[in-house]
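Enquirer: The following block contains the structure, expressed as C-alpha cells.
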Amino acid sequence: MKRTIAIYPGSFDPPTLGHFNIVERALKIFKKVIIAVAENTSKQALFTFEERVGLLKKIYKGSKSVEIDHFHGLLVNYAKKKKAKVILRGLRTVADYEYELQMSFTNKNLFPELETIFLMTENRLSHISSTLIKEIAYFGGACENMVHPQIAESIYQKIQEKHKK
Ligand code: COA
C-alpha cells in the first residue's frame, strides 16, 4: 500500500493529538496522507474553515508526505477529484462505530471503488474529543495534553476573542 494516497477527512475543530497520532501511524502504511478539512454542517465550529486549514498547515509545514487541503460538498466527489480511493478514519470507542459504519457504507454506495480504512485510536488518546477540548478551554481548564501546544494557544486566544464580543 506504500504507493497509495489516503484522504483523512474531518472537521478538525480543532485537530487533536488523536488525529495526529492517526496520521503518524498511517504514514507507515501509505505514501501520502491528505488531511482534508470539511465543512461539517451539523457541528457548531469554534474555528472558521480557513483557520482550521491554517492550524494544520503550521503543524505540517515542510512535510512532503502530508498535504493539507479542504473541500466543500461530498467527500466522494473530492476523492474522485484527487484520484484517491482510500479514506482514512480513526475509531476511538464503540460509540464511533455506528456513525463510521454508516458513513463508510454511504460513501461506498456513492463511489463503489472507495475503501474506508480504520485505524484504532491508541488507548491513551481514545478519550479525546474536539468538543470536550473546546468545553474544557471555555471553562478555563488546561487542554495541553490533548492538543499540540500551538493549537492550545490558538484555542485560548479564540475563546478570549469570543468572550469579548
Ligand atoms: N483520536 C481522538 N479523537 C478523535 C480521533 C482520534 N484518532 N478521531 C476523531 N476524533 C474525534 C474528534 O475530536 C471529533 O470529536 P467531536 O465529535 O467531539 O467533535 C470526532 O472524533 C470526529 O471529528 P473529526 O475527526 O473531525 O471528523 P467528523 O466526524 O467531524 O468528520 C466528515 C465528518 C467531515 C468526514 C463527514 O461529515 C463528511 O464526509 N462530510 C462531507 C459531506 C459528505 O460527503 N457527507 C456524506 C458522508 S457519508
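Enquirer: Under the classification rounded if a/c is under 1.5, otherwise prolate if a/b is larger than b/c and oblate if not, where does the range 5-127 fall, given a ≥ b ≥ c as square roots of the Cα gyration tensor eigenvalues?
Expert: Rounded shape, in that the Cα axes give a/c under 1.5.
Enquirer: Where q = 0.12, 0.18, 0.29 Å⁻¹, what log10 of I(q)/I(0) comes from the Debye formula for the range 60-118, counting one point per Cα?
Expert: Values returned for q = 0.12, 0.18, 0.29 Å⁻¹ are -0.34, -0.73, -1.21.
Enquirer: In addition: When the accessible area of the range 5-127 is split by element with a 1.4 Å probe, what percent falls to carbon and sulfur?
Expert: Here carbon and sulfur together make up 55 percent of the probe-accessible area.
Enquirer: Which of these, ASN107, ASN77, ASN123, has the largest mean-square fluctuation under a Gaussian network model of the chain (Cα springs below 10 Å)?
Expert: Taking springs between Cα atoms under 10 Å, the residue moving most is ASN123.
Enquirer: So, one more: Using a cut-off of under 18 Å, list every residue of the range 107-130 whose amide N is near the label point 7 Å from the Cα of VAL94 along the Cα-to-beta-carbon line.
Expert: 120-121, 123, 126-127
Enquirer: Find how much the distance from ASP69 to PHE139 grows on full extension, using 0.36 nm per residue of separation minus their present alpha carbon separation; answer in nm with one decimal.
Expert: 22.1 nm
Enquirer: In the range 1-57, which trypsin sites (Lys or Arg not before Pro) fall in coil by DSSP and have 14 or fewer other Cβ atoms within 10 Å?
Expert: Within the range 1-57, the qualifying trypsin sites (Lys or Arg not before Pro) (loop, at most 14 other Cβ atoms within 10 Å) are LYS2, ARG3, LYS28, LYS31, LYS43.
Enquirer: Which of the GluC sites (Glu not before Pro) found in the range 70-153 are in a DSSP loop and have at most 10 neighbouring Cβ atoms, other than their own, within 10 Å?
Expert: Sparse-neighbourhood loop GluC sites (Glu not before Pro): GLU113.
Enquirer: Sticking with this structure for a sec: Over the range 1-108, average the accessible area per residue using a 1.4 Å probe and give it in Å², no decimals.
Expert: 55
The values are calculated or read from the model by the stated rules, or taken from the named source; none is laboratory data. None of the values given here were measured: they were computed from a predicted structure. Cβ sites come from the backbone with ideal geometry, for glycine too, and all protein chains shown count toward neighbours. Ligands, DNA and RNA are stripped out before the accessible areas are found, and what is left, the full protein with its side chains, is counted by its heavy atoms. Shrake-Rupley method; radii C 1.70, N 1.55, O 1.52, S 1.80 Å.
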